[in-house]
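Participant: Got a structure for you, written out below as structure tokens; questions coming shortly.
The values are calculated or read from the model by the stated rules, or taken from the named source; none is laboratory data. Note that the coordinates shown come from a computational prediction; the quantities given were computed from them, not determined experimentally. Cβ atoms come from the backbone with ideal geometry, glycine included; neighbour counts cover every protein chain shown.
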Amino acid sequence: MSQGEEFRKLRGGDFKCRKEWLDRFKTIVFGKTSGESGSVEKTITEQWLLQVWPPLSNGLSPDNIVNGDETRMFYKLSQI
């Protein structure tokens, strides 16, 4: 069972995620940008990208990688 199907069972309802819906969902863009981008030193970010990110992202498709703001937005939408 896919994660989407498990989530649907937890939330209840008869939602069926089709590829078309998912493609449209991935193109949703909101104009608000997080103010946190300037709160981290650039050297720390570069170090994380070079040392920590490669093992974490090994085997992931770029379509399955989202930023934290997008993840938080999805979580908030699921609470409605």
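Participant: So which residues in region 12-55 are within 16 Å of Val66 (Cα to Cα), modelled with pLDDT of 70 or more and not acidic (Asp, Glu), if there are any at all?
Facilitator: Leu22, Arg24, Phe25, Lys26, Thr27, Ile28, Leu49, Trp53, Pro54
Participant: Could you give every pair whose Cβ atoms fall below 7 Å, whose first residue belongs to region 45-64 and is at negative phi, and whose second residue is surrounded by 10 or more Cβ atoms within 10 Å (Cβ to Cβ) and part of a loop (DSSP other than H, G, I, E, B), counting only separations of at least 6 or pairs across chains?
Facilitator: Filtered contacts from region 45-64: Ser57/Ile65.
Participant: Separate question: When you look at Lys9, is it modelled with pLDDT of 70 or more, outside any helix (DSSP H, G or I) and either in contact with an Asp or Glu (Cβ under 9 Å, 6 or more places away or on another chain) or charged (D, E, K, R) (or both), yes or no?
Facilitator: no
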